[in-house]
């Protein structure tokens, strides 16, 4: 019997390919110049369980078939809703789920607002897709031009780069969402001032990236476990808007400090975001808010030990409220009935109520 010994370099390459798959399977979550192409008129309505509400539409934008969901508030006594909530899903997520997550549907009903939930496209880079087709997952829905990942594999104490991915670099999703907003304002609401954007994980990256270009057209931004991307161009941004932000220090997917050892995988070092406190400081300066936040201890969940702090950057119009969690993973759901001192629904509802016009 012959025993074949592989060289260390071959074993390393095998390990790298396996780790690449782990990274993209686990991942849950700068802009290019907008082409200013209007929405084309071949809009169709796709049938779903409730054909009346919500509606799913298919349109063509920049030569690609795109989908989005519209949910109209229930028990609406007015002719048209009083504003729009744009809900951007996470990495690999679906618009059909996002409009119901975090109490968004209930908030829309309470405040008589329509929900717009756009759908991201699969990754168009075939080489990037091929790297993960060894498993059962693929890059099925990733927002374009908002998130880059720089990963390295630690060998003998040295970080060796092996992944530098800029998801859907040829798809301008900022332009797509901006055109959707302009289109549905005409059809669904007479109020063009109440426009709020909510993003979860990679959708949070989408929301922050959108705000750097069209933040002055938003009434507020709500970010849930997302951040701002490494390659986002913020030098010439001149916008301000109120922000509500949720993020855990112990998030192993979207790093609170912008970089770290990825999840529980040893020897993998990731950079995927600007550190969260730098993000908040950036927007505090843009908003003219107090640069030194008021930090308050909110409480601890007695069931699991997750603790909560509130960072408040005061401003009469453009406040920033950040809830910092410790001990919670990326996918943690904040629920008062499960022992948490706050919940998503109440905080989002109160935030929008404070800034609605």
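None of the figures in this text is laboratory data; all of them are computed from the coordinates on show. Nothing here was measured: the structure is a model prediction, and the numbers come from that model. In this analysis, Cβ positions are derived from the backbone assuming ideal geometry, glycine residues included, and neighbour counts consider all displayed protein chains.
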*When the Cα centres of segment 327-343 and segment 192-243 are compared, how far apart do they sit, in Å?*
24
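Taking other Cβ within 10 Å of each residue's Cβ, how do 179, 90, 240, 106 sort, fewest first?
Details: 179 22, 90 31, 240 19, 106 14.
Fewest to most other Cβ atoms nearby, the residues stand as 106, 240, 179, 90.
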*Sticking with the crude label model, points 7 Å out along Cα→Cβ, report the distance from residue 126 to residue 159 in nm, one decimal please.*
3.3
*log₁₀ I(q)/I(0) of segment 144-302 at q = 0.11, 0.14 Å⁻¹, via Debye over equal Cα point scatterers, no solvent, to two decimals?*
-0.51, -0.78
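Is the shape of segment 249-357 best called rounded, prolate or oblate, per the rule: a/c under 1.5 gives rounded, else a/b larger than b/c gives prolate, else oblate, with a ≥ b ≥ c the square roots of the Cα gyration tensor eigenvalues?
On the way: a/c = 2.19, a/b = 1.23, b/c = 1.78.
Here segment 249-357 falls in the oblate category.
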*How much length is gained if the chain between residue 297 and residue 193 is pulled fully straight, taking 0.36 nm per residue apart and subtracting their Cα-Cα distance, in nm to one decimal?*
34.1 nm
*Can you tell me the FRET efficiency between residue 55 and residue 267 if r is taken as the Cβ-Cβ distance and R0 is 35 Å, rounded to the nearest 0.05?*
0.15
_Residues listed by number, segment 77-118, amide nitrogen under 17 Å from residue 337 label point at 7 Å toward C-beta_ = 100-107
*Based on other C-beta atoms within 10 Å, arrange 85, 158, 174, 249 from fewest to most.*
158, 249, 174, 85
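Would you list 159, 247 from fewest to most Cβ contacts within 10 Å?
On the way: 159 13, 247 25.
Neighbour counts put them in this order, fewest first: 159, 247.
By how many nm would the segment from residue 239 to residue 182 lengthen if fully extended, with 0.36 nm per residue of separation less the alpha-carbon distance? Before the final figure, lay out the partial values.
Details: separation 57, 0.36 × 57 = 20.52 nm, distance 1.88 nm.
This chain segment gains 18.6 nm when fully extended.
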*residue 97-residue 312 pseudo-label distance in nm [points 7 Å out on the Cα-to-Cβ vector]*: 3.4
